[in-house]
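The values are calculated or read from the model by the stated rules, or taken from the named source; none is laboratory data. No experiment lies behind these values; they were computed from the predicted model shown. Note that we place each Cβ from the backbone using ideal geometry, even for glycine, and neighbour counts take in every protein chain shown. Surface areas here come from the heavy atoms of the whole protein model, side chains and all, with no ligands, DNA or RNA. Shrake-Rupley method; radii C 1.70, N 1.55, O 1.52, S 1.80 Å.
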Amino acid sequence: MNYEEFYQDLQALEKGVQEKLQGTQKSFKSIAKNSANGDLKNLAKGIAQLKVFLSETEGLAENLEELAGSFNGKEYIESGDFAMQLVEYCEQYSVDVTGEFPVYEIFPYKVRIDAENQELSINKKKLQCARPLKFVQDIKASREKYLKAPFNDILFLNELAAAYDLDVAVKEKKNKGKSKGKDVADGHHLMLTDLYGYMAPTQRAKKEYDMQNFAFDLARLYSSEIKATKDDRRYEFGPSKAASKQIRILDGDGKEQMLGTVRFYKDGQ
């Protein structure tokens, strides 16, 4: 199954409906004019013409209904045709995509295909769209808009450093009496997923600033020329052995990078 082929058939009928509706509107204006002018002869002609247009429009509407009902959206998604074409359009439009049915990542979005409900979930937001081409076009436009949005890399870096310091303090408190705690100056690596928890501490905060938003900000910081915090600490990203803790980003060249940890340190450490 291919939605674009189905869509072409729909467009042909839609064009016919549009023409009939335009004729209907023209006939109605003629009726209104002739009734106001008392032109009964042309009024009768206008009414007869209107009836023809309405009848033809009804016929086309029935054809539209029949055509729309002939496309099995659930089968289209369950068969894998939808997902296959979505990936193909991503490649065609140079949109990064990874994953396999039913879950994909189109950075910075996580997309889940729900065949049962015939809907898509984008970062947990529901969307009704059975047309892969339109979905990819919208995702590409949304991503480009996101990229053009103002980003204060210095502010984000300092917020990340503050979360790092808080995580260090919490870990030092837990380790007190068990082992010698490390201070911030030690510059040890901490999990980025833990720092995200401090930057979005509540469910409401996580809803407004989800992990994908965080990943996107990390990507922009990764490609930023800003290399030090306001207290002159430098930073360094690192990997994680736990796959579930890895955060996938795209760098400035569009290449995949997997980030797991970050450390803040003074020069010479």
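Please enumerate the residues belonging to segment 93-110 that are in a loop (DSSP other than H, G, I, E, B), open to solvent by 20 Å² or more (accessible area, probe 1.4 Å) and not acidic (Asp, Glu).
TYR93, SER94, VAL97, PHE101, PRO102
If you take just the strands (runs of 3 or more DSSP E) that sit entirely in segment 226-269, which of them hold at least 2 residues that are within 17 Å of HIS188 (Cα to Cα) and among the aromatic types (Phe, Trp, Tyr)?
Output list reads 234-238, 261-265.
Can you tell me which residue within segment 243-269, out of those that are among the hydrophobic types (A, V, I, L, M, F, W, C) and open to solvent by less than 40 Å² (accessible area, probe 1.4 Å), is farthest from LEU147 (Cα to Cα)? Give the steps one after another, and end with the answer.
At the first step, the residues of segment 243-269 found to be among the hydrophobic types (A, V, I, L, M, F, W, C) are 243, 247, 249-250, 258-259, 262, 264.
Filter once more, so that each one left must be open to solvent by less than 40 Å² (accessible area, probe 1.4 Å): 247, 249-250, 259, 262, 264.
Details: ILE247: 18, ILE249: 13, LEU250: 12, LEU259: 20, VAL262: 23, PHE264: 26 Å.
It comes out as PHE264.
I'd like the full set of residues that are more than 30 Å from GLU116 (Cβ to Cβ), in contact (Cβ under 8 Å) with a residue 12 or more places away in the chain and open to solvent by 50 Å² or more (accessible area, probe 1.4 Å), limited to segment 46-87.
ILE47, GLN49, LEU54, GLU56
Would you mention how many residues in segment 188-244 are of a type in the set (Phe, Trp, Tyr) and at positive phi?
Total meeting the criteria: 0.
Table: residues versus (1) within 19 Å of LEU250 (Cα to Cα); (2) under 23 Å from the mean Cα position of the chain (by Cα); (3) modelled with pLDDT under 90.
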position: ASP183; (1), (2), (3): no, no, yes
position: ASP186; (1), (2), (3): no, no, yes
position: ASP194; (1), (2), (3): no, no, no
position: PRO201; (1), (2), (3): no, no, no
position: PHE216; (1), (2), (3): yes, yes, no
position: ALA219; (1), (2), (3): yes, yes, no
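Looking for something assigned to a loop (DSSP other than H, G, I, E, B), free of Cβ contacts under 8 Å to residues at least 40 places away in the same chain and surrounded by fewer than 16 Cβ atoms within 10 Å (Cβ to Cβ) - is there at least one such residue anywhere in segment 188-200?
no
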